[in-house]
1. Which is of a type in the set (A, V, I, L, M), at pLDDT 95 or above and assigned by TED's automatic domain parsing to the domain that holds ILE142, of ALA77, ALA100, ALA94?
2. Looking at the stretch 181-190, can you tell me whether even one residue there is surrounded by 15 or more Cβ atoms within 10 Å (Cβ to Cβ) and outside any helix (DSSP H, G or I)?
3. Need the failing condition index for SER147 against (1) within 19 Å of CYS56 (Cα to Cα); (2) surrounded by fewer than 16 Cβ atoms within 10 Å (Cβ to Cβ), just the number.
4. Write out, first by first residue and then by second, each pair whose Cβ atoms fall under 8 Å of each other, whose residues are 6+ apart or on separate chains, and whose first residue, in the stretch 24-47, is over 13 Å from SER12 (Cα atoms) while the second is not in a helix (DSSP H, G or I).
5. In the stretch 143-161, what residues are assigned to a helix (DSSP H, G or I) and either touching a Leu at 6+ places or on another chain (Cβ under 7 Å) or in contact (Cβ under 8 Å) with a residue 12 or more places away in the chain (or both)?
6. Condition first: touching a residue at least 24 places away in the same chain (Cβ under 8 Å), more than 27 Å from SER152 (Cα to Cα) and assigned to a loop (DSSP other than H, G, I, E, B). Now tell me which residues in the stretch 71-103 satisfy that.
7. Could you say which residue among GLU88, GLU67 is over 20 Å from ALA137 (Cβ atoms), out of contact with any Phe, Trp or Tyr (no Cβ under 9 Å at 6 or more places or on another chain) and assigned by TED's automatic domain parsing to the domain that holds ILE141?
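The values are calculated or read from the model by the stated rules, or taken from the named source; none is laboratory data. Just so we're clear, the structure is a prediction, and the values are computed from it rather than from any experiment. Don't worry about glycine lacking a Cβ; one is built from the backbone with ideal geometry, like all the others, and counts go over all protein chains shown.
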Amino acid sequence: MLPSALNDVIESLGRLPGVGARTAERYAYFLLKSNRDIAQNIASALSELHDGVKTCPVTFAIMDASEDLSPLYTDPARDKSTILVVEEPLDIYAIEHTKAFTGTYHVLGGAISPMDGITADKLHIKELVERVAKDSANEVIIATNPSVEGESTAILLEKLLHEKYPELKITRLARGLPLGVSLEYADQITLASALNNRTNL
């Protein structure tokens, strides 16, 4: 029923995570009825995406294709002795927005999930172990997601790092109650974590 060009856009947008059929239709129709420049700017940005972005060979963070290493690693103000480990590149930017961390990062490229075919050898774990020695790191902060896969990955990292570097300080991000949430609405896992990680006043 729809023109094929519009239908193609709807189908393409529908492949994006979190975009259902109705949302894809709304996006496509918005692009159709808006100024042509909007659609052309989006198309241009998408066509340059893969050529303009690459992965840092040390941290595995994403960076401009013109750079050799991530600026989050080469910046002299960054403390290479502290490495914060995340699952995905965009996790870095959530932490950077806090302006509370001045160390370096290491992106695993996911979390262990045998059901999805992601095993430890498919993640950047070996490179992390090598970086600890290369950068003379004295602390590794594990910031994997609070999921079954994230927990399994964190446990494996802790085991491997302790075996190789017994003196290395290994920490995890604290977990507990977010600001503005009433106790009655918190789930049991969050409450248990908040209780276990309580602090002195």
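1. One residue alone meets the criteria, ALA77.
2. Yes, there is a match, as at least one residue in the stretch 181-190 is surrounded by 15 or more Cβ atoms within 10 Å (Cβ to Cβ) and outside any helix (DSSP H, G or I).
3. Result: SER147 fails condition (1) only.
4. none
5. Within the stretch 143-161, GLU149, GLY150, SER152, THR153, ALA154, LEU156, LEU157, GLU158, LEU160, LEU161 qualify.
6. Across the stretch 71-103, the qualifying residues are ALA77, ARG78.
7. Details: GLU67 fails: assigned by TED's automatic domain parsing to the domain that holds ILE141.
Going through GLU88, GLU67 in turn, just one is over 20 Å from ALA137 (Cβ atoms), out of contact with any Phe, Trp or Tyr (no Cβ under 9 Å at 6 or more places or on another chain) and assigned by TED's automatic domain parsing to the domain that holds ILE141: GLU88.
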